[in-house]
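See below for the structure under consideration.
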Amino acid sequence: MLLVVVAISATLLVAVLGIAGSITGSSGRLVAGISGNASLEVSGVTDTGFPEALLRDIAKVPGVAAAVPMLRTSVGKPSERVVLLGVNKRVRAMLGPLQRAVHDKIGPMVKQPNRVAVGAGTGHKEGDSFALGNGKVTVAAVLTGVDADRINGGNFIVGPLPLIQRLTDRIGMIDSVLVITAPDTDLGQVRQDLADVVGGRAVVAEPAFRSAQSVGPVAIMRTLMLSAASTALVVAGFLIFNAMSMTITQRRPAISMLRAIGADKLQMVLDLLLEAGLIGLAGGILGSALGVVIGRRAIGVLPAALMQGYESRTEYILPGYAIPVGVAACIVVSVGAAALAARQVYKVEPVEALAPVGVSAADAVGLRSRLVAGVVGTGCVAAAVWVGSRDFGRVSVAAIAIVLLGEIALCFAFAGPIVDWAAKAARGFGAPGALAAATIERAPRRVWATFMTVQIALAITVQTTGANLNAIDSTEASFSSLRDRDFFVSSSGPGVFPTAPILPQDAQSKIASIPGVAGVFPAQMAFGTVGGRRVLIQGLAPGAVAPPVSAMTSQVREQVLAGHGVVIARDIARSLRLRVGDELALATPTGERRVRVLQVVPYFSLLGGVVSMSLTHLRQWFERPGSTILAISLTPGADRANVAAAIRDKLPADVYVYSGQEAASAVGASLAQGTVLITVMAWIVVGVASVALFNTLMLSVLERRRELGVLRAMGSSRRFALGTILAEGAGVGVVGGAIGAALGAANQYLSTSALTHVLSIDVVYQPSLMALLFACAAFALTLLGAIPPAVRAARLDIVAAVAVD
């Protein structure tokens, strides 16, 4: 049982580390595969890029040995993403996977028109023709081998820079210039000189900057999932503590004999720790293997909104540290829990070791220890409330772990009253309950640890489920203004922020001419770089309803539409330390622009926050004419189905048409998809707690084997023995369920406060009757876990039970 519980804990930890590591690892591998030996990269502020004419000035900067231009974008859904690269002969100056993969293919591609090379992952063969952008290309070569596989897993298309520019309607524009510096060059000085040359029209940074600026959403999800996975380790720790305590209790005669003949107490303790360490090692190895399988499968169900900030397709890449960390965590928790139990060896005197359970001083907890635990617990709870109520961004999530530690310490401080309450609850079950109550009072350590497994499992389930539902509901509410429009037209479906591509230029006029359409309202979104982080840039026009328009005051809304300033999300204001009235420096392809912050608003910021400005300024400053989304309102009485069909008929097949209701619900649904793993982990912890409860109650039966045998010999029935064990489990279940539900509801409130700062929206706490349902479920699981031990007690063989060992 210990192996199973420890293995489950390792499974969850390795799965979480594998999921997060795969996302960041895939992005990092792509960056390394493309950048090669480049020391710096000049990259576009948005996916518009910057003028190719800037390349000449970059190449002239002292210390620049080679400047390699590149058009770099991606096409397709996140799960089917293909990286599109436009390069020229300068790529031969680079020493890296991309250069090695294409160095002898550049010449043929340049000499023959509309020729590209593809990675083996695309599925194309040499000579194939396929549509790309606004034209058609032919495969001149299929690139294979280790170097090609490092570029998005072989899912890439590379062609001559002029061809890719033409196919993507970006003639004269590039996305990146990879800079190779001369030997013994001052990198800091070169970087400063490049920044002076580009003058805010592009971003100068290390090539890894592209990957690093997108880690925010993954870090948030990883933190939330790790907090849930770590709870399984906590429950496993209590189980190990209980099992080792019972082991010491059962070995007291042996310990007494060894102590009497002069055995070293340290040696006995080390034996117990070695035993626990081996359990942790074996469980960690077994669980890690299963964690790899689960993590690999989970990659395919990640929400599209979380993944759209990455240019690479996510492959499963297990970080080298994942399995060692998972195994080490299991060993540390196992040995730590066993060490707490093994302290009893030092407390037991040779004569006292033969005393029954509950009589020995080893079973009592000193007043000083309880006072220290009470002070520590109170301090942790106070610290958790402070951290959770302050806007520390994703650091606020630490409040969840801190409050859990505080509650464990407080429960230890009040272990005496908790055990008394459990005994009183057991007495309510008649004569068997009276014997169960006596058993509970005789083994306070075991009862307390059993109570903690029930309480923690219930509290974490109530907290996780309730907080996730509150976050999803609040996210949907923050996008409820989208319901004010009947339809939306975008190049990306609902639940994905419409950043690219730009809609056809005549889409707005075509839709406006359809009978039943009252108005068409353009808007645009793009990924940009602000203060070294990747954010959403939003362009608004009159009639816009997209958040955070509803959070703006009417005066600020008019100022934004008039181009007098911008509105920023809370997380951007926090990271850049901006307040209303401050100036924000925006890097744009047309140079740096300084704008005034008009208001700081809540906005669902899983992708890094938003800067809202007038659509006119976004189009001019970022050189992105057109719109990425159109909001449509209908005339009263118009036939929605007919109008929707007419809109689809006038647009290309790859343009989406969806209702305002779908748009409002999709973001919440995407968040729900991201939190489903956390909820599943919480329920796995409940399962772990059930196993722990079964194990500890079975140990209780083994401990009282002779006692139960004597009762049977005196004439008690099998039913009485069965009822005794069930009453003991019920007593623990009632108290654990009540306290767990109460603490879970309190933790849910704290979690909603922390998620408010993590997601940068106002997560509203809504208590739910689900807490009572979970409490009843916990009680039922307690009884379920008690049934096998109770049946074993009822079936004890009297002669074998009372026999002398």
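The values are calculated or read from the model by the stated rules, or taken from the named source; none is laboratory data. Predicted, not measured: the structure shown is a model, and the values here were computed from it. Cβ placement follows ideal geometry from the backbone for every residue including glycine, while neighbour counts extend to all protein chains displayed. Accessible surface areas use protein heavy atoms only, side chains included; no ligands, DNA or RNA. Shrake-Rupley method; radii C 1.70, N 1.55, O 1.52, S 1.80 Å.
By how many nm would the segment from T144 to E441 lengthen if fully extended, with 0.36 nm per residue of separation less the alpha-carbon distance? Can you show the working numbers first?
Values: separation 297, 0.36 × 297 = 106.92 nm, distance 7.03 nm.
Gain in length upon complete extension: 99.9 nm.
Placing pseudo-labels 7 Å out from each Cα toward the beta carbon at A195 and L95 gives an inter-label distance of 2.8 nm.
The smallest convex shape that holds all Cα atoms of the range 414-476, its convex hull, gives 91 Å³ per residue.
When R92, R29, R712 are compared by accessible area of protein heavy atoms, the largest-first order is R92, R29, R712, using a 1.4 Å probe. Pairs of lysines in the chain whose Cα atoms sit within less than 21 Å of one another amount to 11, provided the residues are eight or more positions apart or on different chains. So I have [x] 1.66; [y] 1.15; [z] 1.07, and one of them is Cα Rg over 2.2 N^0.38 Å calculated from this model. Which one is it? The value matching this structure is [y].
Indicate, rounded to the nearest 5 percent, the antiparallel portion of the DSSP beta bridges found entirely in the chain. So the antiparallel bridges amount to about 75 percent of the total. Atom-type composition of the exposed protein surface of the range 552-675 places 47 percent of the accessible area on carbon and sulfur (1.4 angstrom probe). Apply the membrane-span-like helix rule to the chain: whole DSSP H runs, Cα extent along the own long axis of at least 24 Å, mean Kyte-Doolittle hydropathy at least 0.5. List the helices found. The answer, listed by residue number, is 2-35, 216-250, 265-298, 322-347, 367-389, 660-703, 718-759, 770-794. Within the range 403-430, name every residue whose backbone N is under 16 Å away from a label modeled 7 Å from Cα of L367 along the Cβ vector. Once the point is set 7 Å along Cα→Cβ of L367, 413-417 turn out to lie under 16 Å by backbone N, inside the range 403-430. Heavy-atom surface analysis with a 1.4 Å probe gives the range 124-215 a carbon and sulfur content of 51 percent of its accessible area. Any idea of the accessible area per residue across the chain, 1.4 Å probe, to the nearest Å²? Using a 1.4 Å probe on heavy atoms only, each residue of the chain averages 40 Å².
Residues of the range 572-607 with an amide N closer than 12 Å to a point placed 7 Å from the Cα of V395 along the Cα-to-Cβ direction: 575. In the range 516-588, Cα pairs under 8 Å separated by at least six residues give a relative contact order of 24 percent.
For the chain, adding -39500 (n - 2.57) for each run of n ≥ 4 DSSP H residues and dividing by the number of residues yields -18500 deg cm²/dmol at 222 nm. Accessible surface of the range 371-527, 1.4 Å probe: 69 percent of it comes from carbon and sulfur atoms.
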